[in-house]
Amino acid sequence: MNSTTKIRRPAVAGIFYPRDPFELNQAIEQSFKDQRFGPNKLPPSGLKRRIYGIVSPHAGYIYSGAVAANGFYEVSSMEFDDVVMIGPNHYGIGTGAAIMSSGLWETPLGQVEINQELSLDISKNSDIIELDDFAHSKDHCLEVQLPFVQYIKKKKFGIVPIILINQDRNTAEDIGRSIAQSVINTKRLLIASSDFTHYESNSEAHRKDMELINAILSLDILKFYTTLERENVSACGYGAIASIMTAAKNLGATKGELLKYATSGDIIGDIDTVVGYSSIVFV
């Protein structure tokens with residue numbers, strides 16, 4: 001690393017997850033060992049099947065960490081060199097579809113380098129993605145995924161971070177195709193970072209989210225957007241999910257599998273206004 005290397009410092013350490021590395025490791029381990037909502041075992045999984053991508057939640061670890069752990073357990077024995085992460089831009093800053101093309105991302109568990117060649121290749125294949133570091137400066141949606149990857153992946157890996165303000169179908173399909181074109185015949189893990197229904201009753205969140213999840217599992221983008229609109233599902237990273245659905249399908253995935261769904265109400269107990277979380281793999 002030289003003096004001009006850009007470092008994306010943690011924005012939500014100490015808020016969404018522990019700032020102390022030891023406490024962070026403990027929080028991640030507890031997520032994996034959670035008997036109700038996690039996989040109830042520590043990685044590696046020993047599973048060798050081909051997984052094209054995952055959908056993972058991005059709330060604070062006390063809320064969604066155990067649900068997220070299911071997906072990371074499933075991919076913990078995968079061989080991958082890089083992680084392409086895509087999520088929603090909660091702050092609306094920067095460009096509509098922003099990729100960070102160089103530098104380091106830092107978490108309490110260490111620094112991870114952006115794969116510049118892969119980032120630039122994805123952006124060149126897209127008509128929509130723009131190079132934009134500022135869009136990534138404050139958001140939590142990708143940052144909370146990274147410690148889980150660092151925990152399961154003991155060897156060096158790179159990342160490609162993409163964050164979206166625009167999440168319409170055309171944008172998602174363009175980005176999904178661009179990702180697939182750039183990672184075909186390589187060892188890359190794809191992550192869509194999204195929570196599901198926000199601030200509705202527990203029963204309504206379960207109903208709406210399962211409708212949308214069924215569309216996700218079918219890898220049917222039209223059905224996904226139709227369901228999203230019809231049910232008015234407030235999933236924050238719907239465009240990220242659709243992008244990874246598109247990429248996974250183009251790479252050979254035939255279906256999605258739901259590993260775990262739960263709401264903050266299921267986990268914490270307040271069922272009046274909840275947020276939904278799911279862990280899904282594309283195979």
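The values are calculated or read from the model by the stated rules, or taken from the named source; none is laboratory data. Keep in mind the model is a prediction, meaning the values are calculated, not measured. Cβ coordinates were reconstructed from backbone atoms using ideal geometry, including for glycine residues, and neighbour counts include every protein chain displayed. Accessible surface is based on the protein model in full, side chains and every heavy atom, while ligands, DNA and RNA are left aside. Shrake-Rupley method; radii C 1.70, N 1.55, O 1.52, S 1.80 Å.
Do we have any residue at all in region 100-117 that's within 27 Å of TYR261 (Cβ to Cβ) and in contact (Cβ under 8 Å) with a residue 40 or more places away in the chain?
The answer is yes; a qualifying residue exists.
Results for (1) in contact with a Pro (Cβ under 7 Å, 6 or more places away or on another chain); (2) assigned to a strand (DSSP E or B); (3) open to solvent by less than 30 Å² (accessible area, probe 1.4 Å), shown as yes or no for each residue.
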position: VAL112; (1), (2), (3): no, yes, yes
position: TYR151; (1), (2), (3): no, no, yes
position: LYS154; (1), (2), (3): no, no, no
position: ILE159; (1), (2), (3): no, yes, yes
position: ASN166; (1), (2), (3): no, no, no
position: LYS208; (1), (2), (3): no, no, yes
position: ILE216; (1), (2), (3): no, no, yes
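Do we have ASN125 as of a type outside the set (A, V, I, L, M), open to solvent by 20 Å² or more (accessible area, probe 1.4 Å) and touching a residue at least 12 places away in the same chain (Cβ under 8 Å) here? Step through it out loud before you land on a result.
Details: of a type outside the set (A, V, I, L, M): yes; open to solvent by 20 Å² or more (accessible area, probe 1.4 Å): yes; touching a residue at least 12 places away in the same chain (Cβ under 8 Å): yes.
The answer is yes for ASN125.
Going by the conditions given, is LEU212 open to solvent by 30 Å² or more (accessible area, probe 1.4 Å) and under 18 Å from the mean Cα position of the chain (by Cα)?
no
Which of the residues that make up region 231-266 are in a helix (DSSP H, G or I), within 28 Å of GLY92 (Cβ to Cβ) and open to solvent by 10 Å² or more (accessible area, probe 1.4 Å)?
TYR238, THR246, SER264, listed by residue number.
Please specify each residue of region 33-69 satisfying the condition of being open to solvent by 10 Å² or more (accessible area, probe 1.4 Å), closer than 27 Å to ILE99 by Cα and touching a Lys or Arg at 6+ places or on another chain (Cβ under 9 Å).
Listed by number, the list holds a single entry, TYR52.
Would you mind stating whether PHE72 is under 28 Å from GLY176 (Cβ atoms) and open to solvent by less than 30 Å² (accessible area, probe 1.4 Å)?
Judged against the criteria, PHE72 is a match.
Just wondering, is there one or more residues in region 81-104 that are over 17 Å from SER194 (Cα atoms), touching a Pro at 6+ places or on another chain (Cβ under 6 Å) and either open to solvent by less than 30 Å² (accessible area, probe 1.4 Å) or among the hydroxyl-bearing types (Ser, Thr, Tyr) (or both)?
The answer is yes; a qualifying residue exists.
Here is a check on your reading of the model: is ASP174 in a loop (DSSP other than H, G, I, E, B) and either over 21 Å from VAL144 (Cα atoms) or not small (Gly, Ala, Ser) (or both)? I'd like the intermediate steps shown before the answer.
Working: in a loop (DSSP other than H, G, I, E, B): no; either over 21 Å from VAL144 (Cα atoms) or not small (Gly, Ala, Ser) (or both): yes.
No; evaluated as a whole, the condition is false for this residue.
Of all residues being within 17 Å of the chain's Cα centre (by Cα) and of a type in the set (A, V, I, L, M) in region 220-253, which is farthest from ILE175 (Cα to Cα)? Just the residue, please.
Restricting to residues being within 17 Å of the chain's Cα centre (by Cα) and of a type in the set (A, V, I, L, M), the top hit is ALA235.
Going residue by residue through region 218-230, is there one that turns out to be open to solvent by less than 10 Å² (accessible area, probe 1.4 Å), without any contact (Cβ under 8 Å) to a residue 40 or more places away in the chain and in contact with a helix residue (DSSP H, G or I) (Cβ under 6 Å, 6 or more places away or on another chain)?
yes
When region 1-20 is examined, which residues are found to be farther than 23 Å from TYR277 by Cβ and open to solvent by less than 60 Å² (accessible area, probe 1.4 Å)?
Result: THR5, ILE7, ARG8.
Of everything in region 123-147, what is under 29 Å from LEU24 (Cβ atoms) and of a type in the set (A, V, I, L, M, F, W, C)? Give them in sequence order.
Result: PHE134, ALA135, CYS141, LEU142, VAL144, LEU146.
With out of contact with any Ser or Thr (no Cβ under 8 Å at 6 or more places or on another chain) and open to solvent by less than 20 Å² (accessible area, probe 1.4 Å) as the only criterion, which of HIS136, HIS140 stands out?
Unique residue meeting the criteria: HIS136.
Go through region 168-187 and give me each residue that's open to solvent by 20 Å² or more (accessible area, probe 1.4 Å) and on the phi < 0 side of the Ramachandran plot.
Across region 168-187, the qualifying residues are ASP168, ARG169, ASN170, GLU173, ARG177, GLN181, ILE184, THR186, LYS187.
Here is a check on your reading of the model: is VAL275 within 24 Å of PRO39 (Cα to Cα), at pLDDT 95 or above, in contact with an Asp or Glu (Cβ under 8 Å, 6 or more places away or on another chain) and open to solvent by 10 Å² or more (accessible area, probe 1.4 Å)?
Here the answer is yes, as VAL275 does meet what is asked.
Going by what's in this entry, would ASP121 be described as under 14 Å from ILE179 (Cβ atoms) and modelled with pLDDT under 95?
no
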